[in-house]
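First comes the structure, then the notes that go with it.
Taken together, the values in this text are just the output of simple stated rules run on the coordinates, not laboratory data. Bear in mind that the values here come from a model prediction, so they are computed numbers and not experimental data. FYI the Cβ positions are ideal-geometry reconstructions off the backbone, even for glycines, and counts take in every protein chain you see.
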Amino acid sequence: MRYLDLDDRSREARSLTRTKCPAQLRVKLDYGCERWKVSCFVESHNHDLTPPQFAHLVPANCRLTVTDKVQVENLHNFGVKTCHIIGYIAFQKGGYRHAGFTRKDLYNHINFYRRSKVKNGDANAAINYLIGKSNNDPLFFGLYIWVIYTTF
């Protein structure tokens, strides 16, 4: 705290993000009856909780539901731009804060979806292209070495 009140600071102090909140929930497995039981629960917080209008920005709450994923993938397959997809879903659900995910979550999902459609990765696509090129052109020569990396 003493560094926050210095007069000759060249920059403004960063906001405090650690509050040492005492709230906790501990769970133990009872091997006798094979059930999870709460062993310690402290409900009190020493900070303000996230307001409901910003709850969708908390990383634990940011996820696309299965229906959202299917709808996004279908719209993407039909050529709808990602920025229009997020607008469409936000309009359906009554606003961006009711969508349940952020724009970055949507872009990450579409990127993962596009990469999953490439069979065996980009290297396999390049090798198949070169093999096809060598089959069509007798003067074309291509050589590749298949290397498998292992870690010990």
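Annotations
- Point-charge dipole on Cβ atoms (K/R +1, D/E -1) for the chain, about Cα centre, debye to 20: 140 debye
- Cα shape, the stretch 1-68, gyration tensor, a/c 1.5 rule: oblate
- Whole-Å semi-axes of the ellipsoid equivalent to the chain (Cα gyration tensor, √5λ, descending): 47, 26, 25
- Table column - 3J(HN,Hα) (Hz), the stretch 84-99, Karplus curve with 6.51, -1.76, 1.60, x for Gly and Pro: 7, 5, 5, x, 5, 5, 5, 5, 4, 8, x, x, 5, 6, 8, 5
- Förster-model FRET efficiency, 22 Å R0, Arg26 and Asp48, C-beta, rounded to 0.05: 0.40
- Between the residues Pro59, Ala99, Ala123, the greatest Cα displacement towards the positive end of the dipole of the stretch 1-127, with unit charges on the Cβ of Lys, Arg, Asp and Glu, is found for Ala123.
- Dimensions (Å) - the stretch 63-152, Cα atoms, principal axes, largest first: 60, 40, 17
- Here the stretch 85-149 is treated with +1 on each Lys and Arg Cβ and -1 on each Asp and Glu Cβ, and its dipole about the Cα centre works out to around 420 debye.
- Principal-axis tilt of helix 103-117 within the chain, Cα atoms, nearest 10 degrees: 30 degrees
- Model label sites at Ser116 and Ser134, defined 7 Å from Cα along the beta-carbon direction, differ in position by 3.4 nm.
- Only one residue of Cys40, Asn74, Ala23 has its Cα farthest out toward the positive end of the dipole of the stretch 1-83, where Lys and Arg carry +1 and Asp and Glu -1 on Cβ, and that residue is Cys40.
- Couplings for the stretch 32-49, taken from phi via the Karplus curve 6.51 cos²θ - 1.76 cosθ + 1.60 with θ = phi - 60°, read x, 9, 6, 10, 7, 10, 6, 9, 8, 9, 10, 8, 6, 10, 10, 8, 6, 7 Hz in order; Gly and Pro are left as x.
- Three-way shape label, the stretch 55-106, alpha-carbon gyration tensor, a/c 1.5: prolate
- Helix axis angle, 66-77 relative to the chain longest principal axis, alpha carbon, degrees: 40 degrees
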